[in-house]
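The values are calculated or read from the model by the stated rules, or taken from the named source; none is laboratory data. Given the structure is predicted, the values throughout are model-derived calculations rather than measurements. No Cβ is skipped: glycine too gets one built from the backbone with ideal geometry, and neighbour counts run over all protein chains shown.
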Amino acid sequence: MKQKWIILLAVCFFTIGLSYGQSDWEAAQQKKNADLAYNKGVGFFQSAQYRQAVDAFTECIKLNPQHTLAYLQRAKANFELNNRQAASLDFDKVIQLNDKMGEAWFYKGYLQLITDTATVKLENFDKALEYGFNIPEVYYYRGVVRFYKKDYPGASSDFSMAIDKNPRYALSYFERGKVKLASRDYTGAIYDFQQAIKNDTTLIAAYNNVALAKIYTGDFNGAIADLDRLIGLQPKNFIAYNNRGMAKYSTGNYDGALEDFLKAIELKPGYVQAIINLGNAYAKKGDHKRAIDSYNRAIEYNSKSAEAFLNRGFCRELTGDIDGACSDWKMALSLGYQDAAQFVNECK
C-alpha cells in the first residue's frame, strides 16, 4: 500500500510539473503570435491598408493587452481612417501604459489641435519633446498653438526650431511669416513667405500673404506681380482679385482696381470687403452714385460694417446730403470706429 502511494504521488507531481511546463510554452507561443500579428499590422500600415492594420493590431492586443506599440500603431491607423475617437482612446492607453512615450504625447496633442484648437494643451507637445520625440513637426504644431493663443514670440521660436531641424520646411516658413505679419515686421514676413514659396510652389496662401506684406511696405507693383502669379495658379481665387485690386488702387489705377473688385464679387457675391473696395474705387473716380450703391449693398450683407457706413457718409457729404452723412458717421462711431468721432463733431 505504501508503495502504491509513492507511485501515485510521483504521478501527481509529474502531472503538476507537466501542467506548469505547458503553461509556459503556451505563454511563449501567445507572445510569439502577438508579435506576428503586430508585424503583420505594421506591414498593412506601411502599404496604407489601414482597416487591415487595425484588425491586425487588435488581434495583437487580444493576445498581449500590454503591447504598447500595438495601441500606438492602431491609434495611428484609426487616425488615417478618420476614426478620431478610437485613435484618441488608444493614445491615452499608450500614455497609461508608458507615460514617457513622447510620440504618443505628440499625436495626442496633434489630434486635439485638428479637432478643437481652443482646447488643445501645450503640455502634450512639451512632454513629447521632454521624452525625446523632437521631430520638426512637434515644434511646428506647438508653434501653431502658440500663434493661436497670440504668443507670437513663442510661436516664432518654435517655427524657427522646426526650420533649424528641416531647412526646407515650407509650412514653418509660412507660419513664421504670419507671425511677422501680425507683428508688423513686413520685411521679415516677405522673406519667410518667399522661402515658403521657394520650398513649395503649390503653397497658394504664401503668394497672397507675401503680396499683402508688400502692400504694407508700399511695394504695390511687387504685390501685383505676386498676385498675377497666384491668379495664374488659381483663376477663381476671389481673395487674390480683391488684393490685386487694392494694390492697383494704391497705384492710382482705379479702372484696373474696379475690374478686379468686380471679378472678386462675381466669384463671391457676398464678399463685403470687395464690395466696399468697389465703392472706394468708384468714389475715387468721382462716381458717387455708384459708390453709394456699393456701400448700400455692403451694408445689406453686413449691417455692422463700420467702414461701409463711414465711407458712405463721405460720399453723401460730397453729394450735399449732410444729414445722411452725419447719420452714417454716428452709426460708424457706434459700431466702434473711433476715428468717426471727428466727423460726428462737425455735425453739431
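So the values come out like this:
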{"read-out": "Failed condition for Val138, given (1) surrounded by 14 or more Cβ atoms within 10 Å (Cβ to Cβ); (2) β-branched (Val, Ile, Thr); (3) modelled with pLDDT under 95", "value": "(3)"}
{"read-out": "Restricting the range 294-307 to residues that are of a type outside the set (S, T, N, Q), touching a residue at least 12 places away in the same chain (Cβ under 8 Å) and part of a helix (DSSP H, G or I), the residue that is surrounded by the most Cβ atoms within 10 Å (Cβ to Cβ)", "value": "Tyr295"}
{"read-out": "Filter result for Leu212 (under 26 Å from Leu278 (Cβ atoms), aliphatic (A, V, I, L, M) and in a helix (DSSP H, G or I))", "value": "yes"}
{"read-out": "Residue in the range 287-305 that is in contact with a Ser or Thr (Cβ under 9 Å, 6 or more places away or on another chain) and within 20 Å of Pro235 (Cα to Cα) present", "value": "no"}
{"read-out": "Yes/no for Glu259 being modelled with pLDDT of 95 or more, surrounded by fewer than 17 Cβ atoms within 10 Å (Cβ to Cβ) and either closer than 30 Å to Gln195 by Cα or out of contact with any Pro (no Cβ under 8 Å at 6 or more places or on another chain) (or both)", "value": "yes"}
{"read-out": "Filter result for Gln112 (modelled with pLDDT under 95 and buried (at least 16 other Cβ atoms within 10 Å of the Cβ))", "value": "yes"}
{"read-out": "Criterion: of a type in the set (Phe, Trp, Tyr), more than 21 Å from the chain's Cα centre (by Cα), buried (at least 24 other Cβ atoms within 10 Å of the Cβ) and under 25 Å from Tyr282 (Cβ atoms) - qualifying residue of Tyr241, Tyr249, Tyr216, Tyr254", "value": "Tyr241"}
{"read-out": "Top-ranked residue in the range 310-323 [being in a helix (DSSP H, G or I) and either of a type in the set (Ser, Thr, Tyr) or free of Cβ contacts under 8 Å to residues at least 12 places away in the same chain (or both); ranked as surrounded by the most Cβ atoms within 10 Å (Cβ to Cβ)]", "value": "Glu317"}
